[in-house]
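Below is one structure, written out as structure tokens; the observations come after it.
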Amino acid sequence: METKQLINNQVMPRNSKLILWIILSILGLVFLWTFFIRSQFTKTTIQFLELIFLMLLSLILLRLNDFRAETAQIDYQNKKLQKIKLNLWIYLLIIIGLTIPLSEFFGNIGMILLFVELICMALLSFLVLKYYDLPLVFFLIILFGLYIKRQHWPFAAEDMTVGTCLLSVIALFNSGRFLITFKKNPFLRWFGFFAGIIIALFMTGMLYFNLHWSGNVRMILIFSGCSLFIIYVLALVFTLPNSNYIAWNNIERKVFFRAVLIPMVFIFALITLIVVFSHTYNSIMGRLGEGSFTFLYEDNSIKLFDLEGILPI
């Protein structure tokens, strides 16, 4: 029996990795194929869908891997209950993935159905996922909102608002949890604490930016998030060698990657697009011709005085 169990444990990870590499390879080939599409609208739509499906797949595989490790030492009844909740959550994610390409054909009914499914996914995620996995779900909901806004479908503002509010709340909650839970690991404690604050500030500013709300508020939030992010990255680079990372346990490493590094990668990508390459971001979102993002201290207007030797433009 022990030999058989050992063989199963060796075969299953290999099969999972093989399936994962096949799916990622297909997504990569489709992504490369989009570069040969002439229509910018079609290209952006396909790439949006690739990102959404990749995040859905990643969430499912991460949770399945955690479930296998967590249920090894619990009794049969608890394992059965957790498996039921996990299956419901996975089926809901699959239904959402199927609803996206079909929503356009059902009009407003499809948009309402997709919005309800996203709300159900968010609520069910609180029961199925750990606190360090929840930010990935809310980033996914925001990505849904951006995709719907790119397509000019209804409920885009609602999706982005719900996703951003839930993300900000859970990010601040995680910040407090880092201070309480990881007292023996100062590096993870403080970097996890400030990661939640940066996420809440920048993503709230991004919500204001995409929905064209108060200009001053969105610039203050985005500027604060960008400034803290730059300081955060510098501090991370210089203090990581002294963090004694080798001595961390599996939970600390898992939390660091899923609640700190991966969300910070999303923040870095959004900062690069919104602040540095604003015209590219507007092109992706189908807003060609709109002005670029400017900070409070920037002034794009140049006033020439009517003096001798200076010709007005």
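The values are calculated or read from the model by the stated rules, or taken from the named source; none is laboratory data. This one's a predicted model, so the numbers in the text were calculated from it and none came from an experiment. Glycine gets a Cβ as well: all are built from the backbone with ideal geometry, and neighbour counts include every protein chain shown.
Is it true that some residue in region 133-144 is aliphatic (A, V, I, L, M), more than 20 Å from Glu50 (Cβ to Cβ), surrounded by 13 or more Cβ atoms within 10 Å (Cβ to Cβ) and touching a residue at least 12 places away in the same chain (Cβ under 8 Å)?
Among the residues of region 133-144, at least one is aliphatic (A, V, I, L, M), more than 20 Å from Glu50 (Cβ to Cβ), surrounded by 13 or more Cβ atoms within 10 Å (Cβ to Cβ) and touching a residue at least 12 places away in the same chain (Cβ under 8 Å), which makes the answer yes.
Could you grab the pairs with beta carbons closer than 7 Å, sequence gap of 6+ or different chains, first residue in region 263-282 and farther than 18 Å from Val233 by Cβ, second one assigned to a helix (DSSP H, G or I)?
Thr280/Leu273; Tyr281/Leu273; Tyr281/Ile274
Please verify whether Ile148 is touching a residue at least 24 places away in the same chain (Cβ under 8 Å), over 25 Å from Gln82 (Cβ atoms) and out of contact with any Gly (no Cβ under 9 Å at 6 or more places or on another chain), treating the condition exactly as stated. Reasoning before the result, please.
Values: touching a residue at least 24 places away in the same chain (Cβ under 8 Å): yes; over 25 Å from Gln82 (Cβ atoms): yes; out of contact with any Gly (no Cβ under 9 Å at 6 or more places or on another chain): yes.
Criteria met by Ile148.
Does Ser283 satisfy the condition of being surrounded by 10 or more Cβ atoms within 10 Å (Cβ to Cβ), touching a His at 6+ places or on another chain (Cβ under 7 Å) and either modelled with pLDDT of 85 or more or of a type outside the set (Asp, Glu) (or both)?
Against the criterion (surrounded by 10 or more Cβ atoms within 10 Å (Cβ to Cβ), touching a His at 6+ places or on another chain (Cβ under 7 Å) and either modelled with pLDDT of 85 or more or of a type outside the set (Asp, Glu) (or both)), Ser283 does not qualify.
When residues of region 202-236 are filtered for being polar (S, T, N, Q) and surrounded by 17 or more Cβ atoms within 10 Å (Cβ to Cβ), how many remain?
2
Please find, within region 108-152, the residue that is nearest to Leu92 (Cα to Cα) out of those that are of a type in the set (Ser, Thr, Tyr) and part of a helix (DSSP H, G or I).
Only one residue fits best here, namely Ser125.
Among the β-branched types (Val, Ile, Thr) and either at pLDDT below 90 or loosely packed, with under 13 Cβ neighbours inside 10 Å (or both), is that true of Ile251?
yes
If I go through region 137-171 residue by residue, how many of them are more than 22 Å from Ala195 (Cβ to Cβ), among the aromatic types (Phe, Trp, Tyr) and in contact with a Ser or Thr (Cβ under 9 Å, 6 or more places away or on another chain)?
Total satisfying the criteria: 2.
May I ask you to say which residue of Ser168, Ser125, Ser103, Ser175 is within 14 Å of Arg63 (Cα to Cα) and of a type in the set (Gly, Ala, Ser)?
That would be Ser125, the only listed residue that is within 14 Å of Arg63 (Cα to Cα) and of a type in the set (Gly, Ala, Ser).
Are any of the residues in region 48-65 over 25 Å from Ile199 (Cα atoms) and surrounded by fewer than 18 Cβ atoms within 10 Å (Cβ to Cβ)?
yes
Kindly check whether there is at least one residue in region 195-218 that is small (Gly, Ala, Ser) and on the phi > 0 side of the Ramachandran plot.
Among the residues of region 195-218, not one is small (Gly, Ala, Ser) and on the phi > 0 side of the Ramachandran plot, which makes the answer no.
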